[in-house]
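**Student:** Sending over a structure as structure tokens; questions will come in a sec.
The values are calculated or read from the model by the stated rules, or taken from the named source; none is laboratory data. This one's a predicted model, so the numbers in the text were calculated from it and none came from an experiment. Accessible surface is based on the protein model in full, side chains and every heavy atom, while ligands, DNA and RNA are left aside. Shrake-Rupley method; radii C 1.70, N 1.55, O 1.52, S 1.80 Å.
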Amino acid sequence: MRAMRSIVILISGRGSNMEAIVRAARDEQWPAVISAVISNRPDAEGLAYAKAQGIATLVVASKQFPDREQFDAALQAAIDRFAPDLVVLAGFLRILTAQFVAHYAGRLLNIHPSLLPAFPGLATHRQALAAGVKLHGATVHFVTADLDHGPIVAQAAVPVLSGDSEQQLAQRVLQQEHIIYPRAVRWFVEGKLRLHGDQVHLQADALSD
Ligand code: GRF
């Protein structure tokens, strides 16, 4: 039998995507362990859930580092203690250095709350409402040095309904995030998803999972 894959999840706040992944890994018995949940903020709400699940939690406080390079180096050292096969950004609100991204090339995933390449950056739901789009959604992608871009693994679309508030739209998108992100992480740990150069390779049978 193949060895268990090691996953490290990075959060900055609520951690609902992290929770969805932890739950799916347990309920679906993935060949993987969540080795650690690491936050750059000591007050990230998601840390409590991870702790309660018996997962190692760490804080590498971004505020305590004079610059991005030194923070990313400390973060990398903390992550690498857990020898991860995959690093999952789940609401991790930091721009990463090219060095950090290169170190995890092909094993760093992110979820962004829009249908990329539309609406990179922050306040994506507000951007979508302002643009008047009728479809919005979420994107799982491999992380490259190009912020909120990078090869797309999966997307889910939701309708934008007339009169939607930012919160209503965010909630509708989040429900989809909790479906597509665990699914993509599962594909990776099952060896069905890989990045070759800048091309995403997904085994044909993955889509029927
Ligand atoms: C999600 O909408 C995610 O797409 C974005 O930040 C939010 C994080 O939510 N990157 P949570 O911390 O996973 O609950």
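**Student:** For Ile95 and Gln171, compute 0.36 nm times the residue count separating them, minus their Cα-Cα distance, and round to one decimal in nm.
**Tutor:** Here the segment from Ile95 to Gln171 would lengthen by 24.9 nm.
**Student:** Now for a different question. Quote the relative contact order of region 93-186 in percent (integer), defining contacts as alpha-carbon pairs under 8 Å separated by 6+ residues.
**Tutor:** Relative contact order here is 29 percent.
**Student:** Let me ask something additional. Quick check: the distance between the Cα centres of region 34-58 and region 124-178, to the nearest angstrom?
**Tutor:** 25
**Student:** Only helical DSSP H runs with n ≥ 4 go in: add -39500 (n - 2.57) per run for the chain, normalise by residue count and round the 222 nm mean residue ellipticity to 500 deg cm²/dmol.
**Tutor:** My calculation for the chain gives -10500 deg cm²/dmol from helical runs alone.
**Student:** Here is a follow-up. Note down the Stokes-Einstein diffusion coefficient of region 1-103 in µm²/s, whole number, using a Kirkwood radius over alpha carbon pairs, 4 °C, and 1.567 mPa s.
**Tutor:** 93
**Student:** In whole percent, what relative contact order does the chain give with Cα contacts below 8 Å and a gap of six or more residues?
**Tutor:** 19
**Student:** Sticking with this one: Based solely on C-alpha atoms, express the radius of gyration and the Dmax of the chain in angstrom.
**Tutor:** For the chain, the Cα radius of gyration and maximum Cα-Cα distance read 16.6, 52 Å.
**Student:** What full-extension length gain, to one decimal in nm, is calculated for Met4 and Gln203 as 0.36 nm per residue of separation minus the Cα-Cα distance?
**Tutor:** Stretched out fully, the Met4 to Gln203 stretch lengthens by 69.7 nm.
**Student:** Percent of accessible area on the chain owned by carbon and sulfur, 1.4 Å probe?
**Tutor:** Result for the chain: 53 percent of the exposed heavy-atom area is carbon or sulfur.
**Student:** Determine by what factor the alpha-carbon radius of gyration of region 77-129 differs from 2.2 N^0.38 Å, reporting the quotient.
**Tutor:** Against the empirical 2.2 N^0.38 Å value, I get 1.35 for region 77-129.
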